[in-house]
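These notes concern the structure reproduced below.
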Amino acid sequence: MSSDTPIPVFSQNIHPFDARGVAKRFRHAAIFGALAALQPGETMRFCNDHDPLPLLQQLQGHFGDHIKIDYVSRQPGEIVIDFHVLA
């Protein structure tokens with residue numbers, strides 16, 4: 001998935017977040033802020049060029065059971081993850 005390829009979205013409750021277009025020094029703050037802005041039942045579809053394993057650990061530590069993480073695509077250079085916000 002190149003940076004000009006749109007992130008597939010099939011529901012109005014899914015909000016795309018393409019991290020590839022965010023400066024690296026701002027990425028984690030932007031991701032945390034975006035997730036904090038979502039309501040229960042909404043999903044952020046995250047796209048990145050690498051698997052963000054340290055970020056996933058940080059998100060789980062911060063949000064705990066309030067988010068569910070599901071990989072949509074885990075191909076090299078094409079990482080797409082759904083972050084589901086739970087009640």
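The values are calculated or read from the model by the stated rules, or taken from the named source; none is laboratory data. From a predicted model like this one, the values you see are computed outputs, not experimental measurements. All Cβ positions, glycine included, derive from the backbone under ideal geometry; neighbour counts span all protein chains shown.
Worth a mention:
- Neighbours by Cβ (under 6 Å, 6+ apart or cross-chain): first from the stretch 13-26, closer than 12 Å to HIS50 by Cα and among the basic types (Lys, Arg); second modelled with pLDDT under 95 and assigned to a loop (DSSP other than H, G, I, E, B): ARG20/SER3; ARG20/ASP49
- Within the stretch 73-87, the residues that satisfy the criterion of being among the hydrophobic types (A, V, I, L, M, F, W, C) and either exposed (fewer than 15 other Cβ atoms within 10 Å of the Cβ) or not in a strand (DSSP E or B) (or both) are LEU86, ALA87.
- Inspection of the stretch 54-62 identifies at least one residue that is among the small types (Gly, Ala, Ser) and modelled with pLDDT of 95 or more.
- Selection within the stretch 51-69 - in contact (Cβ under 8 Å) with a residue 12 or more places away in the chain and surrounded by 11 or more Cβ atoms within 10 Å (Cβ to Cβ): ASP51, PRO52, LEU55, LEU56, GLN58, LEU59, HIS62, PHE63, HIS66, ILE67, LYS68, ILE69
- Considering the conditions (1) of a type in the set (Val, Ile, Thr); (2) touching an Asp or Glu at 6+ places or on another chain (Cβ under 8 Å); (3) at pLDDT 95 or above, ILE31 is excluded by exactly one of them, (2).
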